[in-house]
Amino acid sequence: MDQKAPVVVVVVPFPAQGHLNQLLHFCCLISSYGIPVHYVGSATHNRQAKDRVHGWDPLTISNIHFHDFPIPPFLTPPPNPHAPNRFPVHLQPAFDASSQLRDPLAALLRSLSPTSRRIAVVHDPLMAFTAQDAVSVTNAETYTLHGVSAFVVFYHIWKSFGKPTFPGIAILNDLPSLAGCSTDQFLGFIARQYEYMKFDSGHIYNTCRPMEGVFLDLLAQEQFTGNKKQWAIGPLNPIVLDTSLDSDRRHKCLEWLDKQAPGSVLYVAFGTTVSIPDDQIMEIAIGLESSKQRFIWVLREADKGDIYVEEEEAGKAKLPNGYEERVEGVGLIERDWAPQLEILAHPSTGGFLSHCGWNSCIESISMGVPIAAWPMHSDQPRNTILVTEVLKVGVVVREWAQRDEVVPSATIESAISKLMVSEEGEGMRRRAEELGCAVRESVSGDGASRIELESFIAHISR
Ligand code: UDX
């Protein structure tokens with residue numbers, strides 16, 4: 001009798017929170033089909049992914065095989081809020097060191113090969129170089145899991161094809177410049193991945209048809225992505241959160257939200273890669289206070305390459321004198337890790353002032369929360385256009401062209417008021433709720449994302 005596992009899945013995340021979490025969510029989904037799943041990374045990044053995961057039953061996580069592989073020691077400098085652009089250059093040493101996972105990953109694939117009929121290696125696009133040896137393992141095949149919007153993936157492909165004209169998507173011609181989004185070093189790092197992506201058997205997207213059907217259809221055209229298969233299975237984040245699991249250790253943000261009126265609170269957070277300079281923090285503080293809206297503000301530094309390395313002089317962001325006392329009862333300032341998904345799912349949350357990282361966008365939209373968009377780097381300026389102009393579930397705080405200027409408190413206040421209390425904002429909220437419903441339906445029952453996930457499972461189990 002054939003004792004081999006029909007298929008095992010090996011997941012190779014990129015070592016930054018916004019990527020670690022998406023691939024861990026993906027593992028949980030795959031594992032729920034009884035398929036063995038392996039998650040590959042350095043000890044510190046695996047620990048980070050596990051410590052911060054939210055929304056899943058701990059039992060699901062315990063079924064995943066985490067492989068803590070050695071990587072060379074890497075520098076883990078603090079973020080520099082005064083750098084010329086907001087791209088997290090301080091994470092580059094961790095990114096470079098993780099390329100050294102190539103050899104242990106290859107050894108893992110070789111060890112799994114004799115006991116599995118098929119190995120599906122699902123890697124972040126930024127880890128294609130690291131996963132390249134899968135091609136020499138006879139029963140392995142590779143898939144890219146895109147942790148950014150289909151809109152952004154399509155934009156880059158469309159640009160590389162010389163910007164052909166398409167009816168109905170003129171918006172692509174008006175997208176903000178890529179200047180200020182990245183560094184030359186990181187662009188070189190990305191370019192190094194491309195040649196290995198050609199070995200992939202297909203593309204998985206953390207998005208869904210109700211949000212990005214148009215762009216998924218374009219991506220499916222043979223002229224752009226060859227005859228490779230694609231599956232849009234998002235949102236990968238859980239959409240139903242069992243808060244009762246944590247009732248005795250309920251986070252203070254959630255307790256505070258319990259006491260607020262439905263839809264009355266603005267959640268303010270800029271992800272895990274951005275540190276805001278002091279002068280900008282002051283303007284945000286004043287803008288929030290003068291908007292007279294209730295708010296939760298996650299005021300923490302960007303992650304370091306290794307989040308467990310203690311910093312000698314960890315700086316606490318300064319607020320105007322007496323600020324926390326003045327806003328007491330109206331605003332809550334969280335300086336540590338906040339349960340973002342649960343906050344967005346809470347009925348008292350009515351808006352999100354966000355940098356528009358893709359996780360933040362899709363988490364907010366899946367919970368039906370409209371967005372005040374303040375892009376900082378990478379894909380965020382393009383996500384902003386998707387959210388505000390394509391989906392029409394958000395307002396822009398400041399244009400990308402003004403990225404080098406400190407945004408004054410009055411501008412921030414005006415964007416918040418537009419989102420939270422204007423008629424226009426009401427329309428955005430209504431559309432966000434409708435879209436949120438459609439997105440949640442797509443991952444449930446016989447929704448489009450669920451069907452595509454099952455199609456992916458059937459494909460790798462064939
Ligand atoms: C990065 C890039 O910046 C982004 O543009 C890209 O699309 C994905 O990776 P990041 O900047 O950290 O991610 O932002 P985001 O994509 O929003 O991811 C942050 C994640 O951390 C979200 O899942 C969010 O829920 C979570 N988070 C962050 C918390 O749960 N609590 C916190 O306190 C902070």
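Observations on the model:
- S455 falls short on exactly one of the conditions (1) assigned by TED's automatic domain parsing to the domain that holds G350; (2) surrounded by fewer than 18 Cβ atoms within 10 Å (Cβ to Cβ), and that condition is (1).
- Flag if E195 is surrounded by fewer than 18 Cβ atoms within 10 Å (Cβ to Cβ) and assigned by TED's automatic domain parsing to the domain that holds L145: yes
- Qualifying position, being of a type in the set (G, A, S), touching a helix residue (DSSP H, G or I) at 6+ places or on another chain (Cβ under 8 Å), at pLDDT 95 or above and closer than 25 Å to V148 by Cα, among G55, G41: G41
- The residue that is nearest to V137 (Cα to Cα), among those in the stretch 179-209 that are in a helix (DSSP H, G or I) and touching a Phe, Trp or Tyr at 6+ places or on another chain (Cβ under 7 Å), is Y196.
- Boolean, W231 is within 15 Å of the ligand (Cβ to nearest atom) and either assigned by TED's automatic domain parsing to the domain that holds M197 or outside any loop (DSSP other than H, G, I, E, B) (or both): no
- V393 being in the same structural domain as L266 (by TED's automatic domain parsing), in contact with a Gly (Cβ under 7 Å, 6 or more places away or on another chain) and surrounded by 24 or more Cβ atoms within 10 Å (Cβ to Cβ): no
- Considering (1) surrounded by fewer than 21 Cβ atoms within 10 Å (Cβ to Cβ); (2) closer than 15 Å to V121 by Cα, the lone condition that Y39 does not fulfil carries the number (1).
- Of the criteria (1) closer than 19 Å to L453 by Cβ; (2) touching a Phe, Trp or Tyr at 6+ places or on another chain (Cβ under 8 Å); (3) of a type in the set (S, T, N, Q), which one Q48 fails: (1)
- Here the strands (runs of 3 or more DSSP E) wholly within the stretch 1-77 that include at least 2 residues being of a type in the set (V, I, T) are 5-12, 37-41.
- Any hit, the stretch 50-66, residues being away from the ligand (no atom under 16 Å from the Cβ), under 25 Å from R102 (Cβ atoms) and either in contact with a Cys (Cβ under 6 Å, 6 or more places away or on another chain) or touching a residue at least 60 places away in the same chain (Cβ under 8 Å) (or both): yes
- Among residues of the stretch 142-170, those that are within 16 Å of the ligand (Cβ to nearest atom) and either touching a Ser or Thr at 6+ places or on another chain (Cβ under 8 Å) or of a type outside the set (S, T, N, Q) (or both), counted: 12
- Flag if G394 is free of Cβ contacts under 8 Å to residues at least 40 places away in the same chain and among the small types (G, A, S): yes
- Given (1) in a helix (DSSP H, G or I); (2) modelled with pLDDT under 95; (3) surrounded by 11 or more Cβ atoms within 10 Å (Cβ to Cβ), number of the condition L241 does not satisfy: (1)
The values are calculated or read from the model by the stated rules, or taken from the named source; none is laboratory data. Since we're looking at a predicted model, the values are computed, not measured. Quick reminder, even Gly has a Cβ in these numbers, built from the backbone with ideal geometry, and neighbours come from all protein chains shown.
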